[in-house]
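J.: Quick one: the structure is below, and I'll ask about it shortly.
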């Protein structure tokens, strides 16, 4: 049975066609459209310090592999898969080099010492303590707002596994937050 | 459904991913179970915290570095494509090409001595790519540079023969370092020698000894001049590492991958002591 193609919005399809020809304007436009999403996920997966480098690497891979995007999934799903793989590869490399799991610095600037900022910092620290595969699934659901089907497609895992990983992610995250003094 | 069954499905229930029947059964259990409801309340709080995380924007340098890398790759592809065309052209226009090559030798020699703007741009992009890769994977970065600039592994005698001088970087290093590889490379600026060294405490540095100063190596990255170990050095910050370059007699030394100013001063002091008078 042939795999059905997923419709790509016309403007994105046009940009992708330009990228396939190596047109710099199209590449820039694609970066403008999706750079923030890639950067946001990368920062929260690997920390602020190396997120710019990894974001850059994701787009480099994207432009090199753009011919491989066959339209069997949404473009965003393909892009998120590239991003997650690049971030996980980075984390594996960092573990091999005996670095800490994640830099412990908070990603939020503490310009106001209000409760909201404290909660953001706590969540960022707790996320950094979470296993990388649990962190990934939590971020895709709660920050990127993806459905279980989209997450399953991005991570190439069964939909049932998405639910069980989210159970563990949420449970572990609450425990890490309590360890950090969260009283919520 | 009992507590255990509901807990297994709690995320899917919370996210509305169960089918109608399961959703209803789990909902029924939750109405009568305060412990499971408390667990669900915890999920809601996590969602609220996650949704309040600030928006993040990538720094401008991500695109500018990416663009340089894309330029370098495009230049490489063009060069390869041109090389592939040569055999076909030479069969057709062999004599004419031979004449052109002969007439062009002087011009090529001139170009080799004074690189063009296109060469400069390509080199800056190439070196930028090397610097980015060096921090992530020094071996991959090294391989890229060696391939691009025809690096040849050398011992001290061979290096002296190719360069016309005995490089200071081959006169030994502080105990903290062990040499992994030494190569001579024909870069557009000059033929230089480069040592890749491992620190005993972890990490890699690359040391270049070269004829000309390195104004192009670091592109438009900001740099400062500082006195390190008694010598004026140009310092460039590279993603929390330091690159240092200084005049070393008639030549220059550039080191990439330094951790802090103490390490810069130690190496500058070491090499300047080793410099032949």
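The values are calculated or read from the model by the stated rules, or taken from the named source; none is laboratory data. Predicted model only: the values in this text are computed from it and were never measured. Positions of Cβ are backbone-derived with ideal geometry, glycine not excepted, and every protein chain shown enters the neighbour counts.
J.: Could you grab me the full set of residues in region B:14-38 that are closer than 22 Å to residue A:142 by Cβ and surrounded by fewer than 16 Cβ atoms within 10 Å (Cβ to Cβ)?
T.: Answer for region B:14-38, where residues must be closer than 22 Å to residue A:142 by Cβ and surrounded by fewer than 16 Cβ atoms within 10 Å (Cβ to Cβ): B:16, B:23, B:27, B:37, B:38.
J.: Taking only region A:151-175 into account, find how many residues are crowded, with 18+ Cβ neighbours inside 10 Å, more than 11 Å from the chain's Cα centre (by Cα) and away from chain B (no Cβ under 11 Å).
T.: 1
J.: Right, here's the next one. How about region A:128-139: which of its residues are away from every other protein chain (no Cβ under 11 Å) and in a helix (DSSP H, G or I)?
T.: A:128, A:129, A:132, A:133, A:134, A:135, A:136
J.: Moving on to the next point. Hey, which of the helices (runs of 4 or more DSSP H) in region B:1-44, taking only ones fully inside, have at least 3 residues that are over 18 Å from residue A:171 (Cα atoms) and within 14 Å of another protein chain (Cβ to nearest Cβ)?
T.: Filter on region B:1-44 gives B:20-32.
J.: Still on this structure: Do we find a residue being out of contact with any strand residue (DSSP E or B) (no Cβ under 7 Å at 6 or more places or on another chain), away from chain A (no Cβ under 14 Å), free of Cβ contacts under 8 Å to residues at least 40 places away in the same chain and within 21 Å of residue B:260 (Cβ to Cβ) anywhere in region B:172-188?
T.: Looking for residues that are out of contact with any strand residue (DSSP E or B) (no Cβ under 7 Å at 6 or more places or on another chain), away from chain A (no Cβ under 14 Å), free of Cβ contacts under 8 Å to residues at least 40 places away in the same chain and within 21 Å of residue B:260 (Cβ to Cβ), one finds at least one in region B:172-188, hence yes.
J.: Could you check region B:127-144 and list, in sequence order, the residues that are surrounded by fewer than 19 Cβ atoms within 10 Å (Cβ to Cβ), over 14 Å from residue B:180 (Cβ atoms) and without any contact (Cβ under 8 Å) to a residue 12 or more places away in the chain?
T.: Selection gives B:136 alone.
J.: Scan region B:128-144 and tell me whether some residue there is under 14 Å from the mean Cα position of the chain (by Cα), away from chain A (no Cβ under 14 Å), under 16 Å from residue B:185 (Cβ atoms) and modelled with pLDDT under 80.
T.: Within region B:128-144, not a single residue is under 14 Å from the mean Cα position of the chain (by Cα), away from chain A (no Cβ under 14 Å), under 16 Å from residue B:185 (Cβ atoms) and modelled with pLDDT under 80.
J.: Moving to a separate point now. Test of understanding: among B:147, B:78, which residue is modelled with pLDDT of 80 or more and surrounded by fewer than 13 Cβ atoms within 10 Å (Cβ to Cβ)?
T.: That would be B:147, the only listed residue that is modelled with pLDDT of 80 or more and surrounded by fewer than 13 Cβ atoms within 10 Å (Cβ to Cβ).
J.: Any chance you could count how many residues in region B:51-71 are within 7 Å of chain A (Cβ to nearest Cβ) and closer than 16 Å to residue A:37 by Cβ?
T.: 9
J.: Restrict the check to region B:201-213 and report whether at least one residue is under 27 Å from residue B:61 (Cα atoms) and out of contact with any strand residue (DSSP E or B) (no Cβ under 6 Å at 6 or more places or on another chain).
T.: Checked against the condition, which is being under 27 Å from residue B:61 (Cα atoms) and out of contact with any strand residue (DSSP E or B) (no Cβ under 6 Å at 6 or more places or on another chain), region B:201-213 yields at least one hit.
J.: I would also like to ask the following. Please give the number of the condition residue B:220 fails out of (1) closer than 26 Å to residue B:149 by Cβ; (2) out of contact with any helix residue (DSSP H, G or I) (no Cβ under 6 Å at 6 or more places or on another chain); (3) touching a residue at least 12 places away in the same chain (Cβ under 8 Å).
T.: Of the numbered conditions (1) closer than 26 Å to residue B:149 by Cβ; (2) out of contact with any helix residue (DSSP H, G or I) (no Cβ under 6 Å at 6 or more places or on another chain); (3) touching a residue at least 12 places away in the same chain (Cβ under 8 Å), the odd one out for residue B:220 is (3).
J.: Regarding region A:63-79, can at least one residue be identified that is within 14 Å of the chain's Cα centre (by Cα) and at the interface with chain B (Cβ under 9 Å from one of its Cβ atoms)?
T.: no
J.: Among B:64, B:11, B:90, which is the only one that is modelled with pLDDT under 65 and surrounded by 10 or more Cβ atoms within 10 Å (Cβ to Cβ)?
T.: Step by step, each of B:64, B:11, B:90 is checked, and only B:90 is modelled with pLDDT under 65 and surrounded by 10 or more Cβ atoms within 10 Å (Cβ to Cβ).
J.: Follow-up. When residue B:207 is evaluated against the numbered criteria (1) under 21 Å from residue B:127 (Cα atoms); (2) part of a loop (DSSP other than H, G, I, E, B); (3) in contact (Cβ under 8 Å) with a residue 12 or more places away in the chain, which criterion, by number, is the only one it fails?
T.: Of everything listed in (1) under 21 Å from residue B:127 (Cα atoms); (2) part of a loop (DSSP other than H, G, I, E, B); (3) in contact (Cβ under 8 Å) with a residue 12 or more places away in the chain, residue B:207 misses just condition (2).
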